[in-house]
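The values are calculated or read from the model by the stated rules, or taken from the named source; none is laboratory data. The structure presented is a predicted model; accordingly, all values stated were derived computationally and were not measured. Counting neighbours? That spans all protein chains shown, and the Cβs are built from the backbone with ideal geometry, glycine included. Only protein heavy atoms, including side chains, enter the accessible area calculation; ligands, DNA and RNA are left aside. Shrake-Rupley method; radii C 1.70, N 1.55, O 1.52, S 1.80 Å.
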Amino acid sequence: MSQVFEGYERQYCELSANLSKKCTSATLLDGEQKKQKISEVKNGMEDAEALIRKMDLEARSLPPNAKAMLLAKLREYKSDLNNLKTEVKRITSDNANQASRDELLESGMADAKMVSADQRQRLMMSTERLNQSSDRIREGRKVMLETEELGVSILQDLHQQRQSLLHAHDTLHGVDDNISRSKKILTTMSRRMNRNKWIIGSIIAVLVVAIILIIYFKLSH
């Protein structure tokens, strides 16, 4: 193994252990002390990143067998440094959240002590708008009821008109039946009249022939 890599590795391991201890102690501190400790950890992480870059360059300059083994180690160190960064972010976030909570608490306490005439005026205006909204709702319900009554009246009128149309249809149907019967009677009468005409015509023809024959026989004798 490269002695140069071992030297960087030893420095990194010592630095990583030191940074882990500082992270642990930072979680137990508050205020400016905590910020100072976090700042020290961040500076130390920059040094750790520099050592990892140096180890990476040294490992890549070695023969393949040694390089593969050292790069595997280097991946573990990079993972360790990423975990450390995640821990610092968590601590920083907790610190920021605590500061935000303190600020909100102070702001809330200040607001609770300042009930002004302006706030009371806004409350009165809100109450008035609520009353106006209630009046509009009542008016809307009144209009809705009137519309419903009008709709019922229209439906009743339509029903009556439908009944009238049905009655008219029945009457027309009866008239059609009467017309059909009258048409049949007239057709029958017309046929009988035509038949009677033929009969009368036939009788007249027979009588004429008979008269002619009688006159003929008389003249012959």
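How many of the residues in the range 35-59 are within 17 Å of E87 (Cβ to Cβ), free of Cβ contacts under 8 Å to residues at least 12 places away in the same chain and open to solvent by less than 80 Å² (accessible area, probe 1.4 Å)?
Residues meeting the conditions: 1.
Evaluate the following for T86: is it under 52 Å from the mean Cα position of the chain (by Cα), open to solvent by 30 Å² or more (accessible area, probe 1.4 Å), among the β-branched types (V, I, T) and at pLDDT 90 or above?
yes
Give the residue that is surrounded by the most Cβ atoms within 10 Å (Cβ to Cβ), with candidates limited to residues of the range 21-34 that are assigned to a helix (DSSP H, G or I) and in contact with a helix residue (DSSP H, G or I) (Cβ under 7 Å, 6 or more places away or on another chain).
A26
Using the structure shown, decide if Q156 is out of contact with any Ser or Thr (no Cβ under 8 Å at 6 or more places or on another chain), open to solvent by 100 Å² or more (accessible area, probe 1.4 Å) and on the phi < 0 side of the Ramachandran plot.
Yes, satisfied.
How about the range 1-18: which of its residues are out of contact with any helix residue (DSSP H, G or I) (no Cβ under 7 Å at 6 or more places or on another chain) and farther than 21 Å from L84 by Cα?
Passing the criteria: Q3, E6, G7.
Filter the range 1-17 down to the residues that are surrounded by 15 or more Cβ atoms within 10 Å (Cβ to Cβ), in a helix (DSSP H, G or I) and not aliphatic (A, V, I, L, M) and list them by number.
Result: F5, Y8, E9, Q11, Y12, S16.
For K67, are the conditions met, namely being open to solvent by 60 Å² or more (accessible area, probe 1.4 Å), free of Cβ contacts under 8 Å to residues at least 24 places away in the same chain, within 19 Å of S2 (Cα to Cα) and basic (K, R)?
Yes, satisfied.
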